[in-house]
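So the structure is just underneath, and the comments pick up after that.
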Amino acid sequence: MISDFEQHPRYTFMVNAPQVRCSDEQAARRGGGTRPPDLTRAKGCPMPELAPESSSPPAVPPVINPAAWEVFPAFRETFLIYVTPPDHAAAIRGFGELLYALLLETPPEWPEWAESSTRTEMRAAAADLRHLQGFLGAVGRERDASSLNPEDAYLSTIAGKLSRQLGKVAEWIENELQGVR
């Protein structure tokens with residue numbers, strides 16, 4: 001009997017994914033072997049496709065109004081660009097909004113941070129800037145590692161420059177938190 005979950009179109013990729021049979025792993029899972037299953041299957045046999053081939057384009061990151069930053073609180077767009085198709089990225093964003101709302105509305109009391117909330121928030125902002133610095137740094141190195149068209153090579157150069165600027169902003173925050181002026 002097929003469950004409602006298996007019939008749902010969003011989850012058919014889980015049910016209809018090609019089955020990969022690796023005899024050693026199958027025997028180990030059934031208890032037929034003496035060793036535990038190898039959890040790094042990609043080394044021994046190919047991984048099954050987790051998503052169906054789709055003709056839909058990948059999600060395009062939204063333009064975010066800084067005044068409405070809380071609409072996109074949980075997942076970085078630098079992560080969501082890899083989520084396809086677009087309705088899946090939208091679902092993850094929606095989950096992020098729900099998670100953020102639950103965290104703000106349901107705890108019995110706020111966490112007891114070692115520092116003030118302002119200092120903790122500034123440290124979190126510096127950490128996010130460091131993440132974006134690294135991401136843009138990688139985009140900036142694409143022109144050295146790949147053959148890019150002139151427009152993308154220019155954007156790669158800009159990404160490298162922006163990475164350095166974000167590093168300066170993050171360092172400024174970190175210095176202010178340490179009392180270095």
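The values are calculated or read from the model by the stated rules, or taken from the named source; none is laboratory data. Keep in mind the model is a prediction, meaning the values are calculated, not measured. Note: ideal-geometry Cβ built from the backbone for every residue, glycine included; neighbour counts use all protein chains shown.
Overview of results
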quantity: Within region 83-116, tally of residues that are part of a loop (DSSP other than H, G, I, E, B) and touching a residue at least 24 places away in the same chain (Cβ under 8 Å); calculated: 3
quantity: Pairs where the first residue, in region 135-156, is under 22 Å from Glu77 (Cα atoms) and the second is among the hydroxyl-bearing types (Ser, Thr, Tyr) and modelled with pLDDT under 95, C-beta under 8 Å, 6+ apart; calculated: Phe135/Thr78
quantity: Any hit, region 117-133, residues being farther than 20 Å from Leu177 by Cβ and out of contact with any Leu (no Cβ under 6 Å at 6 or more places or on another chain); calculated: no
quantity: Filtered residues of region 57-93 (kept if over 10 Å from the mean Cα position of the chain (by Cα) and loosely packed, with under 10 Cβ neighbours inside 10 Å); calculated: Pro57, Val63, Asn65, Pro66, Ala67, Ala68, Trp69
quantity: Given (1) in contact with a Leu (Cβ under 6 Å, 6 or more places away or on another chain); (2) closer than 24 Å to Pro57 by Cβ, number of the condition Tyr154 does not satisfy; calculated: (1)
quantity: Meets criteria (among the basic types (Lys, Arg), more than 30 Å from Pro58 (Cα to Cα) and either more than 24 Å from the chain's Cα centre (by Cα) or surrounded by fewer than 16 Cβ atoms within 10 Å (Cβ to Cβ) (or both)) for Arg123; calculated: yes
quantity: Hey, Phe79 in a loop (DSSP other than H, G, I, E, B) and under 25 Å from Ala159 (Cβ atoms) or not; calculated: no
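Results for (1) hydroxyl-bearing (Ser, Thr, Tyr); (2) out of contact with any helix residue (DSSP H, G or I) (no Cβ under 8 Å at 6 or more places or on another chain); (3) surrounded by 13 or more Cβ atoms within 10 Å (Cβ to Cβ); (4) modelled with pLDDT of 90 or more, shown as yes or no for each residue.
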residue: Leu104; (1), (2), (3), (4): no, yes, no, no
residue: Phe135; (1), (2), (3), (4): no, no, yes, yes
residue: Ala153; (1), (2), (3), (4): no, no, yes, yes
residue: Gly160; (1), (2), (3), (4): no, no, yes, yes
residue: Ser163; (1), (2), (3), (4): yes, no, yes, yes
residue: Glu176; (1), (2), (3), (4): no, no, yes, yes
residue: Val180; (1), (2), (3), (4): no, yes, no, no
